[in-house]
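The values are calculated or read from the model by the stated rules, or taken from the named source; none is laboratory data. Please read these numbers as outputs of a predicted model, since none were measured by experiment. FYI the Cβ positions are ideal-geometry reconstructions off the backbone, even for glycines, and counts take in every protein chain you see.
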Amino acid sequence: MTGPRAFDSKLFPYGGAVMIGSAPDVLRLLEAVRKGDASVLETSSAAAMFRNQVAGTSGQQPGVGFGFGGALVVDPTAMRTPQSAGTLYWGGAYGHSWFVDPAKKITVAALTNTTLKGMSGKFPSAVRNAVYAGIN
């Protein structure tokens with residue numbers, strides 16, 4: 001979330017959880033979580049972010065679970081993704097997307113001003129595919 005809505009209490013509040021920061025700030029936070037940096041988050045809390053907390057529930061996209069940090073790749077084949085099982089990812093309506101792949105030691109954050117297109121669809125998929133093509 002950016003702009004005046006974040007700082008003006010007279011504006012209609014945003015309905016989701018809010019984090020304000022630059023792309024380097026977001027990347028530093030996600031890297032700290034990936035590495036288990038206890039100065040940012042307890043190691044056990046970080047581990048819970050990468051563990052499927054909704055196993056056995058129905059109604060999810062095939063291969064997707066949810067950790068305490070967002071969506072989780074449970075079955076890369078079912079999801080048709082190059083990401084490793086255990087990859088944590090999320091996107092927001094204001095145009096950001098990110099993923100953390102601990103198995104491959106990859107953290108990616110893309111903050112755009114493209115609203116929904118930056119959150120899901122061709123753009124984040126193209127970024128993801130380019131990253132994995134570059135390491136294979």
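As an exercise: evaluate Ser22 against (1) in contact (Cβ under 8 Å) with a residue 24 or more places away in the chain; (2) among the hydroxyl-bearing types (Ser, Thr, Tyr); (3) within 18 Å of Asn129 (Cα to Cα) and give the number of the one condition it does not meet.
(3)
Limited to region 99-125, what total is found for residues that are in contact with a Leu (Cβ under 6 Å, 6 or more places away or on another chain) and either among the hydrophobic types (A, V, I, L, M, F, W, C) or on the phi > 0 side of the Ramachandran plot (or both)?
Of the residues in region 99-125, 2 are in contact with a Leu (Cβ under 6 Å, 6 or more places away or on another chain) and either among the hydrophobic types (A, V, I, L, M, F, W, C) or on the phi > 0 side of the Ramachandran plot (or both).
With the requirement that a residue be over 13 Å from Gly69 (Cα atoms) and in contact with a Leu (Cβ under 6 Å, 6 or more places away or on another chain), what does region 20-50 give you?
Residue satisfying the conditions is Ala23 alone.
Identify, from the list Phe50, Phe99, Phe123, the residue that is over 18 Å from Glu31 (Cα atoms), of a type in the set (Phe, Trp, Tyr) and at pLDDT 90 or above.
Only one candidate passes the filter, namely Phe123.
Is it true that some residue in region 42-62 is in contact with a strand residue (DSSP E or B) (Cβ under 8 Å, 6 or more places away or on another chain), of a type in the set (Ser, Thr, Tyr) and either in contact (Cβ under 8 Å) with a residue 12 or more places away in the chain or surrounded by 13 or more Cβ atoms within 10 Å (Cβ to Cβ) (or both)?
No, because not a single residue in region 42-62 is in contact with a strand residue (DSSP E or B) (Cβ under 8 Å, 6 or more places away or on another chain), of a type in the set (Ser, Thr, Tyr) and either in contact (Cβ under 8 Å) with a residue 12 or more places away in the chain or surrounded by 13 or more Cβ atoms within 10 Å (Cβ to Cβ) (or both).
Could you look through region 63-92, keep only residues that are part of a loop (DSSP other than H, G, I, E, B) and in contact (Cβ under 8 Å) with a residue 40 or more places away in the chain, and pick out the one that is surrounded by the fewest Cβ atoms within 10 Å (Cβ to Cβ)?
So the residue we want is Pro82.
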